[in-house]
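Have a look at the structure below, then the notes.
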């Protein structure tokens, strides 16, 4: 499976950058999976991201927003105030994302409930890809995908555009990159990291 996604801003947060977060230069494994699952979330197959192609120059930009979430200090929450959050984001991004679908054991979905395979389909991954590709062609989605933070919406999501090409002059080494925060839907917080991640000629390949 594959898709192209672009937008005016993106934030792939590095956990080691504290309360003034900085973005990774490319989306994480879990972010890519989230974008695919925004198009189609399924009980009978899982998405396994394989690679990212960076199709626009990496440009960082300072960004400030007012945070009104639960991580504010109690006195700020009590007073109805917000917290001014400074971040370093990416602007004018474009990526080509690749993934494959893998079936869950026959007859079971992500939460142990009967899935599509138990009601007449023998290959959940194949069924997933068929529905996913149909939704991409029609411009449909389960929910609107985002570019990291939920307020960063894409200006394009769909099939590869003829004018898009990989920036093969981008070569970056990332000592540690967040892979995923959760093992799956409904699981507890359990972050995993990939070490010595490399972007070579504009391509980030995820470890198997």
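The values are calculated or read from the model by the stated rules, or taken from the named source; none is laboratory data. If you're wondering where the values come from, they're calculated on a predicted model, not measured in any experiment. For neighbour counting, all protein chains shown are included, and Cβ atoms are generated from backbone atoms with ideal geometry for every residue, glycine included.
Within region 89-100, track down each residue that is surrounded by fewer than 21 Cβ atoms within 10 Å (Cβ to Cβ) and in contact with a strand residue (DSSP E or B) (Cβ under 6 Å, 6 or more places away or on another chain).
Scanning region 89-100 gives 91, 98, 100.
Identify the single condition in (1) touching a strand residue (DSSP E or B) at 6+ places or on another chain (Cβ under 7 Å); (2) outside any strand (DSSP E or B); (3) exposed (fewer than 15 other Cβ atoms within 10 Å of the Cβ) that residue 65 does not satisfy, given that it satisfies every other one.
Failed condition: (2).
Filter region 31-62 for residues that are at pLDDT 95 or above, over 16 Å from the mean Cα position of the chain (by Cα) and assigned to a strand (DSSP E or B) and give the result.
Scanning region 31-62 gives 60, 61, 62.
Considering every residue within region 105-126, establish whether at least one is modelled with pLDDT of 80 or more and under 30 Å from residue 160 (Cα atoms).
So far as region 105-126 goes, yes, one or more of its residues are modelled with pLDDT of 80 or more and under 30 Å from residue 160 (Cα atoms).
Could we say that residue 28 is at pLDDT 95 or above and either over 12 Å from residue 99 (Cα atoms) or under 10 Å from the mean Cα position of the chain (by Cα) (or both) here?
Here the answer is yes, as residue 28 does meet what is asked.
Is there a residue being touching a residue at least 24 places away in the same chain (Cβ under 8 Å), part of a loop (DSSP other than H, G, I, E, B), in contact with a strand residue (DSSP E or B) (Cβ under 9 Å, 6 or more places away or on another chain) and surrounded by fewer than 15 Cβ atoms within 10 Å (Cβ to Cβ) anywhere in region 68-88?
no
Restricting attention to region 12-23, report how many residues are crowded, with 23+ Cβ neighbours inside 10 Å and not in a strand (DSSP E or B).
Summing the residues that are crowded, with 23+ Cβ neighbours inside 10 Å and not in a strand (DSSP E or B) in region 12-23 gives 1.
Pairs only if they're at least six apart or on different chains, beta carbon under 9 angstrom, first in region 129-141 and under 14 Å from residue 47 (Cβ atoms), second modelled with pLDDT under 90 and surrounded by 15 or more Cβ atoms within 10 Å (Cβ to Cβ); list them, first residue then second.
129/45; 131/42; 132/42
Which of the numbered conditions does residue 148 fail, given that it passes all the others? Conditions: (1) touching a helix residue (DSSP H, G or I) at 6+ places or on another chain (Cβ under 7 Å); (2) loosely packed, with under 12 Cβ neighbours inside 10 Å; (3) modelled with pLDDT of 95 or more.
With respect to (1) touching a helix residue (DSSP H, G or I) at 6+ places or on another chain (Cβ under 7 Å); (2) loosely packed, with under 12 Cβ neighbours inside 10 Å; (3) modelled with pLDDT of 95 or more, residue 148 is out only on (2).
To keep it simple, each residue is scored yes or no on (1) farther than 15 Å from residue 49 by Cα; (2) over 16 Å from the mean Cα position of the chain (by Cα); (3) free of Cβ contacts under 8 Å to residues at least 40 places away in the same chain; (4) buried (at least 16 other Cβ atoms within 10 Å of the Cβ).
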{"site": "155", "(1), (2), (3), (4)": "yes, no, no, no"}
{"site": "167", "(1), (2), (3), (4)": "yes, yes, no, yes"}
{"site": "170", "(1), (2), (3), (4)": "yes, yes, no, yes"}
{"site": "177", "(1), (2), (3), (4)": "no, no, no, yes"}
{"site": "188", "(1), (2), (3), (4)": "yes, yes, yes, no"}
{"site": "202", "(1), (2), (3), (4)": "yes, yes, no, yes"}
{"site": "205", "(1), (2), (3), (4)": "no, no, no, no"}
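Kindly establish whether residue 141 is surrounded by 12 or more Cβ atoms within 10 Å (Cβ to Cβ), over 22 Å from residue 22 (Cα atoms) and at pLDDT below 95.
Against the criterion (surrounded by 12 or more Cβ atoms within 10 Å (Cβ to Cβ), over 22 Å from residue 22 (Cα atoms) and at pLDDT below 95), residue 141 qualifies.
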